[in-house]
């Protein structure tokens, strides 16, 4: 088999069973593309990273929390074998061979029946680069070719040479609201040059699939009320890797300084004498309402908008928000991290003078393929949010602008 080149092909996996064995970093990097392909994904693993666990909680994948067992690949069309148990990987590969299931192996590419190409995307085009002969396999070279083609497509030159310069230090990169195309050009460039990426769950996860295999990805996912990586541990990881002379990217959702704790990280780096670059990102406070057809300001309707955090309730002594004053404003109120507190928030606003009929929109997973908008009023939003099973991340917009749209009358 080693004497013959691999045959490149594009798999149409929508609605077809794909089995992923192992819930670690390899699965975390490959699952988003499988989800985007519409595959019926079955994850078999005793454990999973917080980001993979979040995909299961969101219903994007089905997770069977156990080790691999004979028969797991029987109904699969395609399998990703990525466990740390070599014996289990060998057994799964043998099962795949018997059932004629194409299998990718993260631990031993030579024993796999399929290889994952280096992929990139630009305006509806997927670029996949594959080393077709085993003896010439060089993941870094393959990824570099992919990057050159994608960059050429993006800047219109196509044949422009791809050049990278390593930048030791830390870049706090705002990844935008979720759509990978909404990261800034500078943010994407720094991500491409990184040796280490420390990524949040709310960052544009599809970009992780574009990283070359040698890039270390550290999962700093903060799942609400679940497992999390303490801020101090994140700061220490940034400092440790930067001191090793590595180019480190802290990939955050939205903008680093809008409820992103970016300044805490910048201060820690400054105290440690580490160079830090801040790359602003498109904030979800504006982009997500816009993607849902809601302008945060509109002539004759709202002349201001206010952004607040709803992660603590109005009656919580830790709250720094002046809710009574907000109730008196006539503009737009944008609330982040407030899904589970929206009942108390709405009640407080009404109690201090806001009309119960004020329109409210909850926009979940804004700018991504899973985006959905749920409308209500201040009087009904608590009940509607529960009935519609609205879950984080979601941006909540309160105000008359919710009723304004391309075909609105306001």
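A short reminder: the numbers here are calculations on the coordinates, not readings from a lab. These numbers were taken from a predicted model, which means no experiment stands behind them. Reconstructed Cβ throughout: ideal geometry from the backbone, glycine too, with neighbour counts over all protein chains shown.
Quickly estimate the mean residue ellipticity at 222 nm for the chain, helices only: each DSSP H run with n ≥ 4 gives -39500 (n - 2.57), and the total goes over all residues, rounded to 500. Can you show the working numbers first?
Details: 11 runs with 114 residues, N = 410.
The per-residue figure over the chain is -8500 deg cm²/dmol.
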Taking semi-axes √(5λ) of the Cα gyration tensor in Å straight from the coordinates, which label in [x] 41, 25, 21; [y] 34, 27, 26; [z] 32, 28, 21 is the correct one?
[x]
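For segment 164-279, give me the percentage of DSSP beta bridges that are antiparallel, rounded to the nearest 5 percent. All intermediate terms of the calculation are to be shown ahead of the outcome.
Numbers: 2 of 20 bridges.
Of all bridge pairs located within segment 164-279, approximately 10 percent are antiparallel.
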Percent relative contact order of segment 164-279, based on C-alpha pairs within less than 8 angstrom and at least six residues apart?
41 percent
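By how many nm would the segment from residue 309 to residue 240 grow when fully extended, if each residue of separation counts as 0.36 nm and the alpha-carbon distance is taken off? Mind dumping the intermediate values first?
Values: separation 69, 0.36 × 69 = 24.84 nm, distance 3.09 nm.
Answer, rounded to one decimal: 21.8 nm.
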Extension gain residue 320-residue 140, at 0.36 nm per residue separation less the Cα-Cα distance, in nm?
60.0 nm
Note: residue 263 to residue 297 extended length (0.36 nm per residue) minus current alpha-carbon separation gives 9.5 nm
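Going by a ≥ b ≥ c, the root eigenvalues of the Cα gyration tensor, does segment 164-279 fall in the rounded group (a/c under 1.5), the prolate group (a/b larger than b/c) or the oblate group? Display every interim value, and only then the final one.
Numbers: a/c = 1.36, a/b = 1.03, b/c = 1.32.
It comes out rounded by the Cα gyration axes.
What fraction of the DSSP beta bridges in the chain is antiparallel, stated in percent and rounded to the nearest 5? Walk me through the intermediate numbers first.
Working: 23 of 62 bridges.
If I count the DSSP bridges inside the chain, around 35 percent turn out antiparallel.
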How do 276, 103 line up, fewest other C-beta atoms within 10 Å first?
276, 103
Using the basic label-point model (7 angstrom from Cα toward the beta carbon), what is the residue 270 to residue 128 distance in nanometres?
4.8 nm
Rounded Å value of the spacing that divides the Cα centres of segment 9-82 and segment 341-408:
33 Å
Within segment 246-280, what residues put their amide N at less than 17 Å from the label point 7 Å along the Cα-to-Cβ vector of residue 329?
258-259
Mind checking which of 90, 181, 316 has the largest fluctuation in a GNM of the chain, springs on alpha carbons under 10 Å?
316
